[in-house]
Ligand code: FES
């Protein structure tokens, strides 16, 4: 992807984020913040069995964390929680074509890590 197309894609998500908001009475919810800057992301998820049927995010913070949280919600929609637990930061960097400095990479991964937290907590409760 060329640099200008990459930047335009991020700008589009900043202007018009997909899956922005909150699901009422979600099956799963998670919150995470980046301690270095204080940015926060909330994720709410509606499940159909183990499949993510609907997912929304809300964020307080930088444009990068918002844009990539939005992209991450799009990416995981329709996947199972099991699939998400197996996904790594590296998978997301590859899937979303992220090319940022290490500090900004943490911003970009905040949304995905919050989704993973929701999936991990569900599995922990399931095992109890
Ligand atoms: Fe901290 Fe973006 S500046 S998550």
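Taking a ≥ b ≥ c as the square roots of the eigenvalues of the Cα gyration tensor, an a/c ratio of 1.5 or more together with a/b no larger than b/c marks segment 1-58 as oblate. Per-residue ellipticity at 222 nm, computed for the chain from helices alone with -39500 (n - 2.57) per DSSP H run of at least four residues, works out to -16500 deg cm²/dmol. Here the chain carries DSSP beta bridges of which approximately 95% are antiparallel, counting only pairs with both residues inside. Looking at the square roots a ≥ b ≥ c of the eigenvalues of the Cα gyration tensor of segment 28-86, which shape do they give, rounded for a/c under 1.5, prolate if a/b is larger than b/c, or oblate? Prolate, since a/c reaches 1.5 and a/b exceeds b/c. For segment 54-128, the square roots of the Cα gyration tensor eigenvalues, ordered a ≥ b ≥ c, give a/c of at least 1.5 with a/b greater than b/c, which places it in the prolate category.
How far is helix 63-76 tilted off the main Cα axis of the chain, in degrees rounded to 10, range 0 to 90? On a 0 to 90 degree scale, this one is about 50. Between the alpha-carbon centres of segment 55-124 and segment 1-42 there is a gap of 8 Å. Normalising the Debye intensity of the chain to I(0), with uniform scatterers on Cα atoms only, and taking log10 at q = 0.13, 0.14, 0.15, 0.20 Å⁻¹ returns -0.48, -0.56, -0.64, -1.13.
For a quick check, take a GNM of the chain with Cα springs below 10 Å and name the residue from 59, 70, 20 with the largest mean-square fluctuation. Comparing 59, 70, 20 in a Gaussian network model of the chain, the most mobile one is 20. If you line up the long axis of helix 3-15 against the longest principal axis of the chain, both from Cα atoms, how many degrees apart are they, to the nearest 10? Approximately 50 degrees, to the nearest ten.
Read-outs throughout are calculated quantities, based only on the coordinates presented, and are distinct from any laboratory measurement. Just so we're clear, the structure is a prediction, and the values are computed from it rather than from any experiment.
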